[in-house]
Amino acid sequence: MILALILLIAIIGGVVQSVIGIGYGMILMGLMSIVLPVKTIAIIILISGFALSFVVIKEYYKYIDFKVVALPLIPLGIGGYIGFRVLESLPDYILKVIMSLFLILIAIWMMMNHDMKVRSIKIFGLTLGFISGLFMGMMSIPGPPLAMYTLKTTKSRQSHVGSIQAIFLIMSFYRLWLFTFSGDIKGSILLYCLAGGVGVSIGAYIGIQKIKIKNKEKYTRFVYSFILFMGVYNLGLSMYTLLR
C-alpha cells in the first residue's frame with residue numbers, strides 16, 4: 001500500500017518538477033509526511049531525485065549555465081551539512097512542525113510573486129545557496145530559494161530548469177555520501193526509493209513530452225496553493241499530536 005502511494009505521489013511530483021522546474025520535494029514531503037517520518041521522506045526524495053535529475057538534464061543539458069551552477073555550491077555544502085546535523089538530532093514531531101511552516105511560508109512567498117531587486121548577484125547567490133543548503137540538509141527541499149536565484153540569473157525557462165537541476169544533481173551526490181556514512185540508508189527505505197524513482201521518471205516523462213502549459217503562471221499558482229494547503233494541514237496534524 002505504501003509503495004503504491006509513494007509511486008503515485010512521485011509521479012505527481014515528477015510532472016510538477018519537469019513543468020515548472022521545482023516542486024518535487026515539496027509535493028513528496030507535504031503528502032508523504034502524513035504516513036512516514038521526515039528523515040525517511042528526505043532519503044526517498046534524495047535517491048529518487050537522481051532519476052528526475054537525469055531525465056530532466058538529458059532534455060535540457062545544452063541550456064545549462066555552468067557559471068550559475070558553480071556560484072552557490074560551497075554555501076550549499078556548508079548549509080547542507082548543518083541542516084543534516086539538525087535532521088539527525090531533532091525528533092520527528094519537531095521536524096514536521098518545521099517542515100509545515102517552511103511549506104506555508106514558501107507557498108505564500110511564491111504566490112505573491114515578488115520581483116526582488118538584487119544589487120549583487122554574487123551575494124544573492126551565496127546567501128540563497130546557504131539558505132537552500134539548510135533546507136536541503138533537513139528535508140531534501142532546496143528548490144524554492146535556489147529557484148529565486150536561477151530565475152534571476154538565467155535567460156530562459158530552459159536554462160532555469162537545466163541549471164537548477166544540475167545543482168540538485170551535484171548536491172545529491174554530496175547528501176548521499178552523508179546519509180550513507182551515517183548508516184541511514186537501509187532496509188525498506190531502499191524499496192521506497194525504488195518506487196519513488198520509477199514514479200518520478202514516469203512523471204518527468206509525462207511533464208516533458210505530453211504536457212504543454214499555455215498559462216504557466218496559473219498552473220504554478222495552483223501548485224503553490226496545494227502546497228500551502230498541505231503545509232497548513234500538516235501543521236494542524238503536528239500540533240494536535242503535540243498537544244493531545
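The values are calculated or read from the model by the stated rules, or taken from the named source; none is laboratory data. Treat the numbers as computed from the prediction; the structure is a model and nothing was measured. For accessibility, only protein heavy atoms count, side chains too; no ligands or nucleic acids. Shrake-Rupley method; radii C 1.70, N 1.55, O 1.52, S 1.80 Å.
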> Across segment 174-187, in residue order, what do the Karplus-derived ³J(HN,Hα) couplings come to in whole Hz, using 6.51 cos²θ - 1.76 cosθ + 1.60 with θ = phi - 60° and x for Gly and Pro?
Replying inline: 5, 5, 4, 4, 4, 5, 5, 4, 7, x, 8, 9, 6, x
> Considering only Cα-Cα distances, which of the following residue pairs are longer than 24 Å: 62/152; 39/155; 62/218?
Replying inline: 39/155; 62/218
>> For the chain, what does the relative contact order come out to in percent, with C-alpha contacts under 8 Å and a separation of six or more?
In response: 42 percent
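Tell me, what % of the accessible area of the chain is carbon and sulfur with a 1.4 angstrom probe? Please report the intermediate quantities before stating the final value.
Numbers: 8160 of 11810 Å².
In the chain, the share of accessible area belonging to carbon and sulfur is 69 percent.
Assign one of three labels to segment 1-98, namely rounded, prolate or oblate, based on the Cα gyration tensor with a ≥ b ≥ c the square roots of its eigenvalues; rounded applies when a/c is under 1.5, prolate when it is not and a/b is larger than b/c, and oblate otherwise. Mind dumping the intermediate values first?
On the way: a/c = 2.63, a/b = 1.21, b/c = 2.18.
Oblate.
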>> Please compute the per residue accessible area over the chain with all protein chains in place, 1.4 Å probe, rounded to a whole number of Å².
In response: 48 Å²
>> Computed from the coordinates I sent, P(r) over Cα pairs in 5 Å bins from 0, in percent equals one of (1) 1, 6, 13, 16, 18, 17, 13, 9, 5, 2, 0, 0; (2) 1, 5, 9, 12, 14, 15, 14, 11, 8, 4, 3, 2, 2, 1, 0; (3) 1, 7, 15, 19, 22, 19, 11, 5, 1, 0, 0. Tell me the label.
In response: (3)
